[in-house]
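For reference, the structure discussed in these notes is given below.
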Amino acid sequence: MPFYIRAGKSLPVTCTEVVVRLRQPPTMYHGLDLEANYCRFRISPDVAIAIGANLVAAETETQSQTAEMLGTRLPRAGEMDAYERVLGDAMHGDATLFAREDYVEEAWRIVDPALKAGTPVYEYEPGTWGPKEVDSRVSPPGGWQNPAMRMP
C-alpha cells in the first residue's frame, strides 16, 4: 500500500492529518463516475475523524455527491496544547515525552544517508502548498487533498 507524506514550513495550514483513500467503489449505474471514499484523521491542532462517502442524489440516479460525517473534539478552556505540556514537563524534570539518546542516534543513522544523497531542494513562496516541481514528480492518485484550517 503506497503512502505519501507532505511536509513543509510556512504552508497555508499547520496541522497533522492522515487521509486514507479507499479504492473507487463499483457502481450499478451506467456512466456514474464515483469518487473514492475516504477516512480522514486529524490529530493537530484539533482532534477529528471524518468519513467521506458517495451518495446517489435523491432526485436522480445518474449523479452522485460526496457526504462527510465528522466527529471532532476541540480543546477545552484552560487545556494545555502540546508545546505547553512538553515545556511544563521539562521544567518539572519529567522526561517521559523526550527521546532517549540511543533512539536519537539510531534515527540519525537511518536518516543521515538520505540527507547526504543529494536530493534536490526546491524553493517555494511562503503560504503556498510547496514547489510545483513536487506535484509533477510525486502525487497520490486523485491528487493532494489540502486540509482546511479547521475541519467543518
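Please indicate, with yes or no, whether at least one residue in segment 84-98 is in a strand (DSSP E or B), touching a Ser or Thr at 6+ places or on another chain (Cβ under 9 Å) and either surrounded by 10 or more Cβ atoms within 10 Å (Cβ to Cβ) or not assigned by TED's automatic domain parsing to the domain that holds PRO25 (or both).
Within segment 84-98 (the criterion being in a strand (DSSP E or B), touching a Ser or Thr at 6+ places or on another chain (Cβ under 9 Å) and either surrounded by 10 or more Cβ atoms within 10 Å (Cβ to Cβ) or not assigned by TED's automatic domain parsing to the domain that holds PRO25 (or both)), the answer is no, since none of the residues qualifies.
Being outside any helix (DSSP H, G or I), of a type outside the set (Asp, Glu) and modelled with pLDDT of 90 or more narrows it down to one of TYR124, TYR103, so name that one.
Going through TYR124, TYR103 in turn, the sole match is TYR124.
Give just the number: which of (1) without any contact (Cβ under 8 Å) to a residue 24 or more places away in the chain; (2) within 15 Å of GLN145 (Cβ to Cβ); (3) assigned to a loop (DSSP other than H, G, I, E, B) does GLY52 not satisfy?
(3)
Looking at PHE41 and the list (1) among the aromatic types (Phe, Trp, Tyr); (2) without any contact (Cβ under 8 Å) to a residue 24 or more places away in the chain; (3) farther than 23 Å from ARG137 by Cα, which single condition is not satisfied?
Unmet for PHE41, out of (1) among the aromatic types (Phe, Trp, Tyr); (2) without any contact (Cβ under 8 Å) to a residue 24 or more places away in the chain; (3) farther than 23 Å from ARG137 by Cα: (2).
So the check is Cβ under 6 Å with 6+ separation or different chains; which pairs have a first residue in segment 133-147 that's outside the structural domain of THR16 (by TED's automatic domain parsing) and a second one that's part of a helix (DSSP H, G or I) and not hydroxyl-bearing (Ser, Thr, Tyr)?
From residues that are outside the structural domain of THR16 (by TED's automatic domain parsing), there are no pairs.
The values are calculated or read from the model by the stated rules, or taken from the named source; none is laboratory data. Please read all numbers here as calculations on a predicted model, not as lab measurements. As a convention, Cβ positions derive from the backbone with ideal geometry for all residues, glycine included, and neighbour counts pool all protein chains shown.
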